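Visitor: Got a structure here, written out as structure tokens. Questions coming.
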Amino acid sequence: MKESELIFSCEVKKLFLRSGVKRHEWVTSTVSDAIRDLVTEFRCKDCHGALKIHKKIAENGPAPYVEHKSRQDSEYCPSGMYFRQNPGREPRLSVTPVD
């Protein structure tokens, strides 16, 4: 069986009104809440890399989760499967962060 990343929280871009000015900000959210809120912009909370959403399909399957689109992001992100498989690596931000 293929091992996969199961990341259950991420950063989502939401619109806020601050001092009378509307602006988008990144906030941490669960993947379930992001799906429920119909969020279209999301990124890894640790490396700011692009993510792929996996919605819950089966009743007894895992909760909705995300995984890195890029293996390189997964290799250097503390949330990444490949990072956890290689102890001693230094974490870093994605080379192509989502802004």
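Each reported figure results from applying straightforward, stated rules to the coordinates on display, with no laboratory input. Note that the structure is a prediction, hence the values are computed from the model and not measured. We place every Cβ from the backbone using ideal geometry, glycine too, and count neighbours over all the protein chains shown.
Visitor: Can you find a residue in region 21-28 that is more than 10 Å from the chain's Cα centre (by Cα), acidic (Asp, Glu) and not in a loop (DSSP other than H, G, I, E, B)? Can you show your working first?
Guide: Keep residues of region 21-28 that are more than 10 Å from the chain's Cα centre (by Cα), which gives 21-27.
Those still in the list that are acidic (Asp, Glu) too: 25.
When the remaining residues are screened for being not in a loop (DSSP other than H, G, I, E, B), the result is 25.
Yes; the residues of region 21-28 include at least one that is more than 10 Å from the chain's Cα centre (by Cα), acidic (Asp, Glu) and not in a loop (DSSP other than H, G, I, E, B).
Visitor: Within region 12-30, does at least one residue satisfy the condition of being under 19 Å from residue 65 (Cβ atoms) and among the small types (Gly, Ala, Ser)?
Guide: yes
Visitor: For region 52-76, which residues satisfy the criterion of being farther than 18 Å from residue 29 by Cα and surrounded by 14 or more Cβ atoms within 10 Å (Cβ to Cβ)?
Guide: 69, 70, 72, 73, 74, 75, 76
Residue-by-condition table, conditions (1) surrounded by 11 or more Cβ atoms within 10 Å (Cβ to Cβ); (2) under 23 Å from residue 81 (Cα atoms); (3) in contact (Cβ under 8 Å) with a residue 60 or more places away in the chain:
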| position | (1), (2), (3) |
| --- | --- |
| 8 | yes, yes, no |
| 14 | yes, no, no |
| 23 | no, no, no |
| 29 | yes, yes, no |
| 32 | yes, yes, no |
